[in-house]
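What follows draws every value from the coordinates through simple rules; no lab data is involved. The shown structure was predicted, so the numbers you read here are calculated from the model rather than taken from an experiment. So basically every Cβ, Gly included, is an ideal-geometry build from the backbone, and we count neighbours across all protein chains shown.
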Amino acid sequence: MLVYIVRRFAGMMVVMLLVAMVVFVIARVVPGDPAAVMLGSSATPEDIAALRGRLGLDEPLLTQFLLYLGQIIRFDLGESIFLNRPVAQALAERSELTALLTMMSVGIAMLIGVPIGILSAAKRGGLIDQTAVGLAMLAASIPSFWIGLTLIKYLAVDHAWFPVAGYGPPEADLMERMRHLVLPAIALGIPNSALILRFTRTSMLDVMSNDYVRTARAKGLPPLVVVLKHALRNAMIPILTVIGLTTAVMIAGAIVTETVFGLPGVGNLIVSAVLRRDYPVIQGALLVVSAIYVLINLTVDLLYAVVDPRVRY
């Protein structure tokens, strides 16, 4: 196991190096000049050139990349051009919201997808199964921003059950902040629950056709015991995989959701950085998101050995 983890971490370093290269190139390809954005339309070319020199943007791209790579090696994400503080600090200030939103969204997606997927597999071919599959396809086809706007209209504006936007005042406690995240979490969780539902259903159907499940039924065990103890436990690896992938997708999907609900999270920070051409923030945020994605995949792989003793590394 230790050798496997070391190999995976070595592979992660290579992946992160490639990600850093891609992110650096993408940030520079986006039209616009941070110096021109900072100084405004009234700035002269001389002023823009002077600011570019102070920011180091007049250096050759290879030199800029090598400097950026040296910062990453030292675990330094650089300093924001517009915020005038370290990128790591800016991300840390907004990470609580995004992490809480992601966890709530994953919880909602699992609460919808896993039980309905199990029930759909147990009632294969019936009305419940067909309805569940149809609703899953419908949920997967609806964009999260449309769900978010609909929830705002009916549950926040019309009935005032939840806040319309924001993350609460600075003195708000955790429960109040979670209340502000209920609608965004639902908007983000519903579309992603469809994938979990379909994978759960497919995995359960594959397992329930095995001999040991038929033997358990022949022994007269209750259907609930057969489904949950004998079938679900052996179907967990594909379900864990899709939950891990869904979690990573939700981190990226939080960008749109935070914008719709006006949440000051990492997603909103990335959008603002793109509009301002704040290269260090764009690079640092995307690099951190990519690292989290890779770590989630590693965690899921390690959980395989926990849920299934037959898995060995």
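Ignoring lysines fewer than eight residues from LYS123 along the same chain, the ones with Cα atoms less than 18 angstrom from its Cα are LYS229. Within the same chain, aspartates and glutamates fewer than 8 places from LYS219 are excluded, and of the rest, those with a Cα less than 17 Å from its Cα are ASP211.
Applying the Karplus relation 6.51 cos²θ - 1.76 cosθ + 1.60 with θ = phi - 60° to region 227-244 yields 3J(HN,Hα) values of 6, 7, 8, 8, 8, 4, 4, 7, 9, 6, 4, x, 5, 4, 4, 6, 5, x Hz, where x marks Gly and Pro. Here the Kirkwood formula, the inverse mean of 1/r across different C-alpha pairs, assigns region 99-229 a hydrodynamic radius of 16.6 Å. Placing +1 on the Cβ of every Lys and Arg and -1 on the Cβ of every Asp and Glu, with nothing else charged, gives region 1-74 a dipole about its Cα centre of roughly 540 debye. By the helix-only formula, in which each DSSP H run with n ≥ 4 contributes -39500 (n - 2.57) and the sum is divided by residues, the chain has a 222 nm mean residue ellipticity of -24500 deg cm²/dmol.
Each Lys and Arg adds +1 at its Cβ and each Asp and Glu adds -1 at its Cβ; summed about the Cα centre, the chain shows a dipole of about 1480 debye.
Subtracting the Cα-Cα distance of MET175 and ARG217 from 0.36 nm times their residue separation leaves 10.6 nm of extension gain.
About its Cα centre, region 89-240 has a charge dipole of approximately 820 debye under the convention of +1 per Lys or Arg Cβ and -1 per Asp or Glu Cβ, with nothing else charged.
Across the chain, the volume of the C-alpha convex hull divided among the residues equals 174 Å³ per residue. Which FRET efficiency value, to the nearest 0.05, is calculated for VAL271 and ALA49 with the Förster distance at 25 angstrom and r the Cβ-Cβ distance? Calculated transfer efficiency: 0.35. Here's how it looks for GLU79: its modeled amide H is under 5 Å from those of VAL87, which are all 5 or more places away or on a different chain. Residues in region 128-133 carry Karplus couplings, in order, of 5, 5, 5, 5, 4, 5 Hz; the curve used is 6.51 cos²θ - 1.76 cosθ + 1.60 with θ = phi - 60°, and Gly or Pro positions show x.
Summing +1 for each Lys or Arg and -1 for each Asp or Glu, what net charge is found among the other residues whose Cβ lies under 13 Å from the Cβ of ALA122? With Lys, Arg at +1 and Asp, Glu at -1, the neighbours total +3.
Taking the Kirkwood radius as Rh and the Cα radius of gyration as Rg, region 37-170 has a ratio of Rg/Rh equal to 1.19. Could you calculate the FRET efficiency of TRP161 with GLU96 from 1/(1 + (r/R0)^6), where r is the beta carbon distance between them and R0 is 30 Å, rounded to 0.05? The formula returns an efficiency of 0.80 here. So, in Å, what gap is there between the alpha-carbon centers of region 113-176 and region 71-107? Each part's Cα centre sits 27 Å from the other's. Using the alpha carbons alone, the radius of gyration of region 202-279 stands to its Kirkwood radius in an Rg to Rh ratio of 1.38. Using alpha carbons only, the radius of gyration of region 87-126 set against its Kirkwood radius gives Rg/Rh = 1.38.
Protection proxy ranking for 199-206, 70-77, 187-194, using the average of other Cβ atoms within 10 Å per residue and placing the highest first: 187-194, 199-206, 70-77. Sorting the Cα pairs of region 177-313 by distance into bins of 10 Å, from 0 upward, gives 11, 28, 28, 18, 10, 4, 1 percent per bin. Charged neighbours of LEU83, selected by a Cβ distance under 12 Å, balance to 0 (K, R count +1; D, E count -1). Applied to region 104-118, the Karplus parametrisation 6.51 cos²θ - 1.76 cosθ + 1.60 on θ = phi - 60° returns per-residue 3J(HN,Hα) values of 5, 5, 5, x, 5, 4, 5, 5, 8, x, 5, x, 5, x, 5 Hz, with x for Gly and Pro. If R0 is taken as 35 Å, the Cβ-Cβ distance between MET103 and ALA10 corresponds to a FRET efficiency of 0.75.
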